[in-house]
Amino acid sequence: MIRDDPLLSAQVFLTALKSEAKRGSLRREVLTALQNDHGLLQHVLLGAQGSTTGKGGGIAYAATLDECGDPPNQDGVGFFPEYGLFVIVDGYQEEGHWLSLLLLATIHESPKASASAWIKECVSRARELAVGPFSGTCIVSLQLKGKTASAHWLGDSKCFHIRGNQILFHTREHTVAEDAIADGKASPASLWNAREHHVVSHSVHALTDDVPSAQSLQLQTGDWIVLCSDGISDNVKTLERGAESYRRVAGCIAQARTAEEARDLLLTETKRHIAANVRDDRTLANSKPDNLSLIVIRIDSGS
């Protein structure tokens, strides 16, 4: 059962993190400040499970965070509808959850800043906190303003723009596999089961200064935006005629009448695919147990 209680979920997550803050007082101070900042906690999903919905300003949205991989869950969901801002972060390696938390905190402090500014500040803080050199986090964000939107991303979390049953745009993941395909060095079919799909080439990382990719979207009433971690996208994509396809995403959206219904359909489809394909310790590039972070946004009239 998913709790519709993001505040409780975030508090539990931060309490668990506190036991890890042993390498210096600065981390403990950061956690204490975050635990006391209910303004942040009411705008994020962290930890094992949580969900939320909302509407206003010409949109309706539904978000969820579901721990399906090994703990700790390094994903995080941020929703700041008063600024038209929605974010998913997905950490990796030993201290990825620290970077996910720092990035959400940075965004909360300056929601009107650019994605590049958030990332630059987060990297600076990560260096100050001595976050492990192999750890990082991915981000995908959406900033809505009327009938236009700006998507920014680093790593393998994704954004989809859907109209009817057609995907008008989706982000290209920053992974070794997708980089090779984009450069013409490999085909989707040749790398379909390759581990390189899970090797991030660009991310928010203490040792790098990667700049996020960006895309402007022109929206119409009835359009949908989906933001998700790779736990969702990897498990719903298919290989069709030698090309990667996300028709399952569009199919779930086409069946839905509300953002909440679309979220639940896509989450159910993802879990069905995981259950059907991940057996006997098989690990496929497009089918693996992972944490599931998802935001579905419907553009209503008046936006």
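Quick note: the coordinates plus some simple rules give every number you see, no bench work behind them. The structure displayed is predicted, hence computed values, not measured ones. Counting neighbours? That spans all protein chains shown, and the Cβs are built from the backbone with ideal geometry, glycine included.
Just a few scattered comments:
- Computed FRET value (nearest 0.05) for A254 with Q42, which takes r as the C-beta separation and R₀ as 30 Å: 0.40
- The ranking of V44, V211 from fewest to most other beta carbons within 10 Å of each one's beta carbon is V211, V44.
- Separation of the L207 and T221 label points, Cα + 7 Å toward Cβ, nm: 5.3
- Each label was represented as a point 7 Å from its Cα along the Cα-to-Cβ direction; for A276 and K185 these points are 3.4 nm apart.
- Cβ-Cβ distance of S245 and K147, R₀ of 30 Å, FRET efficiency by 1/(1 + (r/R0)^6): the value works out to about 0.60.
- Using a Förster distance of 25 Å, the FRET efficiency for A214-E82 (Cβ separation, nearest 0.05): 0.65
- Among C138, C228, sorting on how many other beta-carbon atoms sit within 10 Å of each Cβ, with the fewest leading, yields C228, C138.
- H273, H197 arranged by Cβ crowding within 10 Å, fewest neighbours leading: H273, H197
- Cα-Cα over 28 Å, subset of K120/K237; K112/K271; K55/K120; K185/K237; K55/K158; K112/K158: K120/K237; K112/K271; K55/K120
- Distance between modelled label sites at A194 and T53, nm, 7 Å Cα→Cβ extension: 4.2
- Dipole check for the stretch 76-187: with +1 at the C-beta of Lys and Arg, -1 at the C-beta of Asp and Glu, and the Cα centre as origin, the magnitude is about 500 Debye.
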